[in-house]
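One structure is given below, encoded as structure tokens.
The values are calculated or read from the model by the stated rules, or taken from the named source; none is laboratory data. Not measured: the values here are computed from a predicted model. Please note: Cβ atoms are built from the backbone with ideal geometry, for glycine as well, and neighbour counts cover all protein chains shown. Only protein heavy atoms, including side chains, enter the accessible area calculation; ligands, DNA and RNA are left aside. Shrake-Rupley method; radii C 1.70, N 1.55, O 1.52, S 1.80 Å.
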Amino acid sequence: MQALDLLLNRVSVGRLLEPAPDAAQRELLFRAALRAPDHGQLRPWRFLTVEGEARVRLGELFAAALAAGNPEVKPEALDKARAMPLRAPLLVVVIARLSDHPKVPQQEQLLAAGSAAHGILLAAHAQGLGAMWRTGELSYHPQVMAGLGLSASERIVGFLYLGSVEGERRVPQALEPADFVAAWQG
């Protein structure tokens, strides 16, 4: 796949099936992530893979977090939370490892981890895989972060859902750069 074709046509794919990316594909996904812009070469990221029965356990963690402190939560909402990780055969949790640094603010470190996540999405598309970056309130829930083993200085950047594309890949909406770009005149 040509680089510009990849950049211009990558889309999120929400309907994902088995098989999950194999070992060789995963190696490329993570190698692409490690090429993210990284001021100070801090490598402010780490990744967790979740597959198989671990997806069920992640769903239980989501449901428990949703129910925590919320006695009014509906059973349907808990069932939906349990099912979320089952939407793809592989999830990659992208985690930003934030540190105090004299030249690299934590915001830049968070952006670097986000760029690493984007690298995974691009590498997935280049290999014919489907991928979707998901967040939502549970990404920021302390119980979810603790259950995934995050330290106090770490943040979830997103859950990347990866698998084989079900059906046809959609064509991205054409956007006009001129709608988003302006020259600053000073």
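For segment 105-186, chymotrypsin sites (Phe, Trp or Tyr not before Pro) meeting the loop criterion (DSSP other than H, G, I, E, B) and having at most 13 other Cβ atoms within 10 Å: 180, 184.
Relative to the globular-protein estimate of 2.2 N^0.38 Å, the Cα radius of gyration of segment 66-133 stands at 1.56. A full extension of the chain between residue 42 and residue 28 corresponds to an added length of 3.0 nm, given 0.36 nm per residue minus the alpha carbon distance.
Accessible surface of the chain, 1.4 Å probe: 56 percent of it comes from carbon and sulfur atoms. Rounded to the nearest Hz, the phi-derived 3J(HN,Hα) couplings of segment 8-16 under the Karplus curve 6.51 cos²θ - 1.76 cosθ + 1.60 (θ = phi - 60°) are 7, 10, 5, 9, 6, 10, x, 9, 10, where x marks glycine and proline. Per residue, the solvent-accessible area of segment 1-136 (1.4 Å probe, heavy atoms of protein chains only, all protein chains present) comes to 55 Å².
The C-alpha atoms of the chain occupy a region whose extents along the principal axes are 55, 47, 36 Å, arranged from largest to smallest. Between residue 115 and residue 86, the contour length at 0.36 nm per residue exceeds the Cα-Cα span by 7.9 nm.
Calculated mean residue ellipticity, 222 nm, the chain: -11500 deg cm²/dmol, from DSSP H runs (n ≥ 4) at -39500 (n - 2.57) each, averaged per residue and rounded to 500. Do any trypsin sites (Lys or Arg not before Pro) in segment 100-180 lie in a DSSP loop with no more than 10 other beta carbon atoms within 10 Å, and if so, which? Answer in residue order: 103. Checking every one of the GluC sites (Glu not before Pro) in segment 1-89 against DSSP loop status and a limit of 12 other Cβ atoms within 10 Å picks out 72.
Distance between the 7 Å Cα→Cβ label points at residue 146 and residue 18: 3.5 nm. The Cα center of segment 30-66 and the Cα center of segment 77-108 differ in position by 5 Å.
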